[in-house]
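First up is the structure itself, then whatever we jot down about it.
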Ligand code: IPE
Ligand code: IPE
Ligand code: MG
């Protein structure tokens, strides 16, 4: 394998932060930042695919984001709705497989349906796996997993002593998807904000001051490059 292709992270997760600050800097409404940010996601998905990344997971709307002003929540939901309803042709062309993670039951019925259709229609695509986190919170995801597991115990199909770490992973929204190798957060904040808290136990973190609407292929390459030069360890001894 060529030197440049070595050590490409298999799964990259991104906390796309800073849309509001990007807009503010330009004297624009926050929503303008969200529109620009949405365009960037589509481009980065393509770039990630070309770079050989196999899974991309993006944080689009957290369980905590409902506390934002109603108009902003509406804009974000409408952007997601538009994406779900229009991206099928593009996914088919680029062989992208889509999965929405998060609690979908709180979303509007038409959005839920659009998500179901898109997931269903891209299910057999064999290219990059694209996970979009909507109404997602890591704690909420673990709570839902715990409830499902408890249900199985109550029904007598599972014994408490049979619960392994794998049992938990298998009940998360990301079941079947390898844990992220690299987590990127844009716009200067250095926290996880309830994103993939179980899955990122040994993920490498990369923070950049660049706001999400300004993020591009070069920035993604910088993050991947930083990752490639790190010595990953998972509690063992150095190789
Ligand atoms: C990220 O940008 C988008 C979402 C959280 C939905 P923000 O809207 O958080 O932008 P800042 O952090 O206020 O700049
Ligand atoms: C995290 O960003 C959520 C998303 C990017 C969707 P926030 O802007 O909501 O997080 P905090 O409030 O800075 O932690
Ligand atoms: Mg933010």
Checklist outcome for this item: Going from the fewest other Cβ atoms within 10 Å to the most, one would list 207, 215, 61 as 207, 61, 215
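Please say if the range 107-201 is rounded, prolate or oblate, where rounded means a/c under 1.5 for a ≥ b ≥ c the square roots of the C-alpha gyration tensor eigenvalues, and otherwise the choice is prolate for a/b larger than b/c and oblate otherwise?
On the way: a/c = 1.71, a/b = 1.24, b/c = 1.39.
In terms of gyration-tensor shape, oblate.
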Checklist entry - For the range 1-113, how big is the tail of P(r) above 25 Å, as a whole percent of Cα pairs? => result 29
Checklist entry - In a GNM of the chain with a 10 Å cut-off on Cα contacts, which of 176, 33, 156 has the highest mean-square fluctuation? => result 156
Checklist outcome for this item: Distance in nm between residue 82 and residue 43 label points, each 7 Å along Cα→Cβ, equals 1.6
Next on the checklist: What distance in nm separates the two pseudo spin-label positions at residue 68 and residue 35, each 7 Å out from Cα along the beta-carbon direction?
Outcome noted: 1.5
Checklist outcome for this item: FRET efficiency (residue 222, residue 26; Cβ distance; R0 22 Å; to 0.05) is 0.40
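Taking other Cβ within 10 Å of each residue's Cβ, how do 40, 12 sort, fewest first? Display every interim value, and only then the final one.
Details: 40 20, 12 26.
Fewest-to-most Cβ neighbours within 10 Å comes out as 40, 12.
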Item to check | 10 °C / 1.306 mPa s Stokes-Einstein diffusion coefficient of the range 182-239, Kirkwood radius on C-alpha pairs, µm²/s | outcome: 126
Checklist outcome for this item: In deg cm²/dmol, rounded to the nearest 500, the helical mean residue ellipticity at 222 nm of the chain, built from -39500 (n - 2.57) for every DSSP H run of length 4 or more, is -13500 deg cm²/dmol
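Sort 139, 21, 99 so the one with the fewest other Cβ atoms within 10 Å of its own Cβ comes first. Don't skip to the answer; put the middle values down first.
Values: 139 11, 21 17, 99 21.
Fewest to most other Cβ atoms nearby, the residues stand as 139, 21, 99.
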Next on the checklist: For a test of the definition: using alpha carbon positions, the gyration tensor, and the 1.5 limit on a/c, classify the range 77-133 as rounded, prolate or oblate.
Outcome noted: prolate
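Rounded to the nearest 5, what % of the DSSP beta bridges within the chain are antiparallel ones? Intermediate results must be reported in sequence, preceding the final value.
On the way: 0 of 25 bridges.
Within the chain, antiparallel bridges account for around 0 percent of the total.
Using 1/(1 + (r/R0)^6) with R0 = 30 angstrom and r between the beta carbons of residue 168 and residue 123, what's the FRET efficiency to the nearest 0.05?
Details: r = 24 Å, r/R0 = 0.80.
E(calc), rounded to 0.05, equals 0.80.
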Checklist entry - Suppose R0 equals 22 Å; then what is the FRET efficiency for residue 105 and residue 151 from their Cβ-Cβ distance, rounded to the nearest 0.05? => result 0.85
Item to check | Antiparallel bridges, percent of DSSP beta bridges restricted to the range 23-133 (to nearest 5) | outcome: 0
Item to check | Net length gained if the chain between residue 90 and residue 230 were fully extended (0.36 nm per residue, minus Cα distance) | outcome: 47.0 nm
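Readers should treat all values here as calculations from the given coordinates under stated rules, not as data from a laboratory. Given the structure is predicted, the values throughout are model-derived calculations rather than measurements. Don't worry about glycine lacking a Cβ; one is built from the backbone with ideal geometry, like all the others, and counts go over all protein chains shown.
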